[in-house]
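Below: the structure, in structure tokens.
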Amino acid sequence: MEKITSLADLKRIKEQVQSKIKLREQSASAEKLVQIRVGMATCGIASGAKETMSFLIEETEHQAIDAVITQTGCMGYCYAEPTVEVTLPGRQPVIFGHVNRERAREIIDRYIIKGELIDGMIPVNFKTIDE
Amino acid sequence: MSDYNMQILICGGTGCKASESEEIRNVFNDLLGEYLLEDEVQVVTTGCFGFCEKGPIIKVLPDNTFYVHVTPADVDEIIREHLVKGRQVERLLYRDPHSHEVIHDSKGMDFYKKQIRIALRNCGFIDPENIEEYIARDGYLALGRCLSEMTPEGVIDEIKKSGLRGRGGAGFPTGLKWEITSRSVADQKYVVCNADEGDPGAFMDRSILEGDPHSVIEAMTICGYCIGADKGLVYIRAEYPLAIQRLKVALDQARAYGLLGRNILGSTFGFDIELRYGAGAFVCGEETALIHSMEGSRGEPTVKPPFPAESGYLGKPTNVNNVETFANIPVIINKGAAWFSAIGTEKSKGTKVFALAGKINNVGLIEVPMGTTLREVVFDIGGGIKGGKKFKSVQTGGPSGGMLTTASLDTPIDYENLQAAGTMMGSGGMIVMDEDDCMVAIAKYYLEFTLEESCGKCTPCRIGNKRLFEILEKITAGNGKEEDIDKLRMLSHVIKDASLCGLGQSSPNPVLSTLAHFEDEYLAHIKQGRCPAGKCKALLKYVVVEDKCTGCTLCFRTCPVGAITGERRAPHFIDQALCIKCGICFEKCKFDAIELA
Ligand SMILES: Cc1cc2nc3c(=O)[nH]c(=O)nc-3n(C[C@H](O)[C@H](O)[C@H](O)COP(=O)(O)O)c2cc1C
Ligand code: SF4
């Protein structure tokens, strides 16, 4: 990794990263690209987030779904761990709670493949600093 | 993709469920069938919207219409008007409590969101092990601006203007602390991040470090620039292995990108950070004890002054701040002090993260603007009390804090108001209690914790707390005397006055606070030998109701200590001397023939 040596450099890298994300979202396969984030803080992991994450990776691969699956920190919904956020192309992110293997399968089969909403989605109940 | 044109989201949070949200869903399903709309409209139950007071709540997609206080009888009108004709049902829309205007548009739909995430802005959004995701969300931009566009004084001024106060407990103004440390003259200074987080039930700092470690690294570096330090230390408890690992990964990445090390971002300023592990002693969260622990000495507090800002780690000027305090810094620089200070109350600016726990439906991590009321936290965001029980109190400030009762439900939460109510902000633990919690037992629980954690240096703290604990034990065992109440009060004040550090000075707070609000419960234990909440085992008495007992012998067979005797088909008897009050017979009896006397 080349070091960032000035503020301008930092801003350039920021734009590069952002456009990398955009590019991914607008690429030829983007229509199908699904982004999945699994809450992997201590609370999530203790409730089985690791198993959920590996299952999501296996199952999306198995079903040939074009998905980027990453880990993230605590979303704050500790009562509903493991929590998973799914962003379908062109749609608002949706958060699901209590995602064990069965729920993960339901999310893939119903939400990701068919675009139907599923019971138990968690509404975003906070504002961000950009609002 | 899905064939549905519209979706009805029905809040299935516990609060809304209690007020008929399930029935509403059923009516929707039935009527949608009658209107032949079931293939076009999908009905889904969601988790809690955090606006339970206005429940049951329904949201219609894609137009984002938000209906409040919906009843099953309203469903037909929603379908006829809204779904069929595309006209909102005006009377069910939310009305702004101040302007009384009805909220129609989807843009104004944030009114139900009581939280603002500043310190938690990246938690749950970015991959904490990928610095690029942090950079993509303005990460290190604040540091870049400070180093190339602002003087250290300018940065300190901005922090001072923002009104940010320490989130570690005491609420000292952060800008002022940085200014004091910056004025100390020395060949070496240090920035220390206090990640000891010892309050039972608190996990705010852990979550920030696990979800967004770079925000703390960036802020510590900015602090170093301001006070003239080139070295930072994070004091973190070894019981936080995941937070430690994420911090390590983040530090390595920051170094690789040149964001730590020499000549950061082309400036002459250099900074690096090391980790120091704590063994998990509560007192080591106190800043002087923390510093001694880092130096390899016993983690015991020492007298202030000298404050760490003058003489801290290795005798050098040291700026100690809490994790959450640091996490706010980059946002203040990026969005400006005015933006930050517009949030909150007169003397408490910004937000506070709370770890909401106890008898509450939505246990979790929340971040609310200062000035939010306890009622909003408990009944909206927290979704109310578990199992429909009655709210009794909220404990804040951990072992140093006290109880807030129904009387405080509408008090805006900020440093001053909490103090006036006899507790404190603390680091952010918030434990909710219901009618089944015994306040004497709660006070005893916290004292037991303090007893374990006292470093033992001061007699009032070491021995006084032990005596306090013994009196509470006596009371919960049913052996209390009326004069014990005065003794508790007197001893508490002595301990507060004569202890060296914050631990001892605040350790009697749970006792004083429960005494102030729930003296009647103490008296019930002492005078009537009764625990109103039914929690103190020694005061419980399980007895057989002879009329109801069929002599089935089930209790006789399940009692683990053989305290129950009796013939088949004849009333049984519990020997109180043998009974260990485990309650198994009470649970097992099919005829409600065992009572709690
Ligand atoms: C017994 C005791 C325990 C403390 N524990 C912590 C802690 O776990 N985390 C923390 O940040 N501050 C803790 N503090 C407060 C620190 O002494 C210090 O005030 C704080 O770290 C300063 O940072 P701030 O100004 O950013 O809040 C504790 C204080 C006392 C008396
Ligand atoms: S008050 Fe208690 S914890 Fe604090 S220094 Fe004295 S003995 Fe130690």
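Restricting attention to the protein assembly as shown, close to 55% of DSSP beta bridges with both partner residues there are antiparallel. A simple rule links phi to the HN-Hα coupling: the Karplus curve 6.51 cos²θ - 1.76 cosθ + 1.60 with θ = phi - 60°, which for the range B:204-213 gives 5, 5, 4, 5, 5, 5, 6, x, 8, x Hz, with x for Gly and Pro.
In units of the rule-of-thumb radius 2.2 N^0.38 Å, the range B:351-434 shows an alpha carbon radius of gyration of 0.94. Once the gyration tensor of the Cα atoms in the protein assembly as shown is diagonalised, the equivalent ellipsoid follows with semi-axes of 43, 40, 23 Å, ordered largest first. Restricting the trypsin sites (Lys or Arg not before Pro) of the range B:79-182 to loop positions (DSSP other than H, G, I, E, B) with no more than 14 neighbouring Cβ atoms within 10 Å leaves B:LYS85, B:ARG87, B:LYS107.
Ranked for footprinting exposure by Cβ neighbours inside 10 Å, fewest first, B:SER162, B:SER492 give B:SER492, B:SER162. Here's how it looks for B:ASN322: its modeled amide H is under 5 Å from those of B:ARG167, B:GLY168, B:ASN194, which are all 5 or more places away or on a different chain. In summary, the convex hull built on the alpha carbon positions of the range B:540-596 has an orientation-averaged projected area of 3.2 nm². Please give the net charge around B:GLU300, taking every other residue with its beta carbon less than 11 angstrom from that of B:GLU300, where Lys and Arg add +1 and Asp and Glu add -1. Charge balance in the 11 Å sphere: +1. Amide H contacts under 5 Å for B:HIS572: B:GLY551, restricted to partners 5 or more places along the chain or on a different chain, H placed in the peptide plane at 1.01 Å from N. When its C-alpha radius of gyration is set against 2.2 N^0.38 Å (N residues), the range B:30-121 gives a value of 1.18.
Mean projected area of the Cα convex hull of the range B:439-527, taken over all directions, amounts to 4.8 nm².
Ordering B:MET424, A:MET75, B:MET220 from the fewest to the most neighbouring beta carbons within 10 Å gives B:MET424, B:MET220, A:MET75.
Cα-based values for chain B, radius of gyration first and Dmax second, are 28.3, 91 Å. Annotation for the range B:235-297: trypsin sites (Lys or Arg not before Pro) lying in DSSP loop with at most 15 further Cβ atoms inside 10 Å of their Cβ are B:ARG262.
For the range B:185-291, the relative contact order works out to 34 percent when only alpha carbon pairs closer than 8 Å and six or more residues apart are counted.
Of the GluC sites (Glu not before Pro) in the range B:424-488, the ones in a loop by DSSP (not H, G, I, E or B) with at most 11 other beta carbons within 10 Å are B:GLU482.
When each of B:LEU93, B:LEU418, B:LEU83 is scored by the number of other beta-carbon atoms lying within 10 Å, the sequence from fewest to most is B:LEU93, B:LEU83, B:LEU418. Every helix of 4 or more DSSP H residues in the protein assembly as shown counts as -39500 (n - 2.57), and over all residues that averages to -10000 deg cm²/dmol at 222 nm. Around the amide H of B:GLY312, modelled in the peptide plane, lie the amide H atoms of B:THR318, all under 5 Å away and 5 or more residues distant in sequence or on another chain. Across the range A:111-127, rounded Karplus estimates of 3J(HN,Hα) from the backbone phi angles (6.51 cos²θ - 1.76 cosθ + 1.60, θ = phi - 60°) give 7, 5, 7, 9, x, 7, 7, 10, 4, x, 5, 9, x, 5, 10, 9, 8 Hz, Gly and Pro being marked x. Our summary gives the range B:131-340 a relative contact order of 30 percent, counting only alpha carbon pairs under 8 angstrom and 6 or more residues apart.
Take each residue of peptide B:198-211, count the partner chain Cβ atoms within 10 Å of its Cβ, and average: the result is 3.
Note: relative contact order over chain B, using C-alpha pairs below 8 Å and six or more positions apart, is 11 percent. Neighbouring Cβ atoms from other chains, within 10 Å of the Cβ of residues in B:113-124, number 5 on average.
Each value in this text was obtained by applying a stated rule to the coordinates, not by laboratory testing. Remember, it's a predicted structure, so these values are computed and weren't measured experimentally. Here the Cβ is made from the backbone with ideal geometry for all residues, glycine too, and neighbour counts use every protein chain on show.
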